[in-house]
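To start, the structure under review is shown below, and the notes come after it.
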Amino acid sequence: MITIAAASVKTYLSKSKIQGFDYVINPYIGCPHKCVYCYAEYMRKFTGHPEEWGDFLDVKMCETPLKPAKLFRTRVMLSSVTDPYNPYEKQYEQTRKMLKQLEYCQAYVSILTKSALVLRDIDLLKKMPQAEVALSFSSTDERFRELAESGASGVAEKINALKTLHENGIRTAVMAAPLLPAISDWKAIIEATRPYTDRYGFDSLNMRPAYQKKVMAFIGMYYPDLLPLYADIYLKEETAYWTKLEQEITQYCQAQNIAAEVYFSRSKPFG
Ligand code: SF4
């Protein structure tokens with residue numbers, strides 16, 4: 001059961017700390033996708049919500065429209081600490097309202113989502129020549145998706161969303177992230193999405209101490225054989241796994257002529 005409330009805000013815009021973007025818009029506070037590894041969970045302490053992360057959603061309300069002079073040809077990301085296409089977007093249309101304004105402002109928009117609901121807004125995205133939609137994949141294994149990202153769209157739905165966006169002339173990206181050691185098959189993600197994807201980003205699973213326990217419990221329950229590996233990487237903080245993986249991905253993408261960036265341990269341009 002999710003708690004939904006309105007949250008009055010002075011502006012939808014936040015100055016971006018993410019490389020490559022001027023502003024970030026998070027139309028909601030909270031995220032019903034409830035990913036087990038969610039990096040945004042730290043936001044909960046600023047909300048006053050007693051509910052667990054994923055069990056509340058505040059719909060931001062702002063009287064002031066976005067300002068075209070301020071946003072003209074700026075790079076705007078939707079979103080960084082929520083999914084702009086959570087299932088309640090169908091009803092509240094917060095993201096759609098933002099896109100309408102951003103189109104008017106001629107901003108360059110990048111969307112990052114785990115939801116095929118983005119297809120609803122193809123009509124607007126087609127009018128935004130610089131728009132890019134990135135679909136995020138940790139895995140192409142539907143069982144993992146059901147266990148770890150229960151609120152997000154299924155793997156096949158996300159692949160179909162990429163295909164449809166691509167066929168409609170919208171620039172697409174795949175954010176292969178977070179990659180979970182020995183669980184995420186990054187080559188399978190590329191193989192499943194390559195015909196419809198203009199570029200790739202790869203990022204590792206980084207665990208803040210606050211939610212390390214939760215992720216380790218998840219691994220212990222569903223992938224117990226991997227606990228020693230996770231203990232080496234996350235408790236002993238051994239970096240060799242990521243160094244090797246970064247080399248493998250980089251070499252493979254270069255050899256296959258795939259536009260790709262590996263962001264392990266660096267600030268991400270998106271996602
Ligand atoms: S979609 Fe992103 S913000 Fe939402 S729960 Fe998953 S990781 Fe967190």
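The values are calculated or read from the model by the stated rules, or taken from the named source; none is laboratory data. Here the structure is a predicted model, which means the values were calculated and not measured. Backbone-built Cβ (ideal geometry, glycine too); neighbour counts: all protein chains shown. The accessibility values were calculated without ligands, DNA or RNA, using every heavy atom of the protein model including side chains. Shrake-Rupley method; radii C 1.70, N 1.55, O 1.52, S 1.80 Å.
Any residue at all in segment 226-249 that's in contact with a Gly (Cβ under 6 Å, 6 or more places away or on another chain) and over 30 Å from K127 (Cβ atoms)? Give the steps one after another, and end with the answer.
From segment 226-249, those in contact with a Gly (Cβ under 6 Å, 6 or more places away or on another chain) are 227; that's our starting set.
Narrowing further to those that are over 30 Å from K127 (Cβ atoms): 227.
Scanning segment 226-249 turns up at least one residue that is in contact with a Gly (Cβ under 6 Å, 6 or more places away or on another chain) and over 30 Å from K127 (Cβ atoms).
Here is a list: A6, A69. Which entry is small (G, A, S), assigned to a strand (DSSP E or B) and out of contact with any Gly (no Cβ under 8 Å at 6 or more places or on another chain)?
Every option except A6 fails the conditions.
Give A240, A255 a once-over and let me know the one that is more than 30 Å from Y23 (Cα to Cα) and open to solvent by 80 Å² or more (accessible area, probe 1.4 Å).
A255
L179 - would you say it is out of contact with any Lys or Arg (no Cβ under 6 Å at 6 or more places or on another chain), at pLDDT 95 or above and more than 20 Å from Y39 (Cα to Cα)?
Answer is no for this residue.
Could you please give the count of residues in segment 87-111 that are among the polar types (S, T, N, Q), touching a helix residue (DSSP H, G or I) at 6+ places or on another chain (Cβ under 8 Å) and either open to solvent by less than 10 Å² (accessible area, probe 1.4 Å) or closer than 19 Å to A40 by Cα (or both)?
Residues in segment 87-111 being among the polar types (S, T, N, Q), touching a helix residue (DSSP H, G or I) at 6+ places or on another chain (Cβ under 8 Å) and either open to solvent by less than 10 Å² (accessible area, probe 1.4 Å) or closer than 19 Å to A40 by Cα (or both): 1 in total.
Restricting segment 136-160 to residues that are within 13 Å of the ligand (Cβ to nearest atom) and among the polar types (S, T, N, Q), which is nearest to L229 (Cα to Cα)?
Within segment 136-160, the match that is nearest to L229 (Cα to Cα) is S138.
Can you spot a residue in segment 161-175 that is within 16 Å of the ligand (Cβ to nearest atom), open to solvent by less than 10 Å² (accessible area, probe 1.4 Å) and either modelled with pLDDT under 95 or in a helix (DSSP H, G or I) (or both)?
Scanning segment 161-175 turns up at least one residue that is within 16 Å of the ligand (Cβ to nearest atom), open to solvent by less than 10 Å² (accessible area, probe 1.4 Å) and either modelled with pLDDT under 95 or in a helix (DSSP H, G or I) (or both).
Give Y196, Y230, Y252 a once-over and let me know the one that is more than 21 Å from K34 (Cβ to Cβ) and touching a helix residue (DSSP H, G or I) at 6+ places or on another chain (Cβ under 6 Å).
Residue meeting the stated conditions: Y196.
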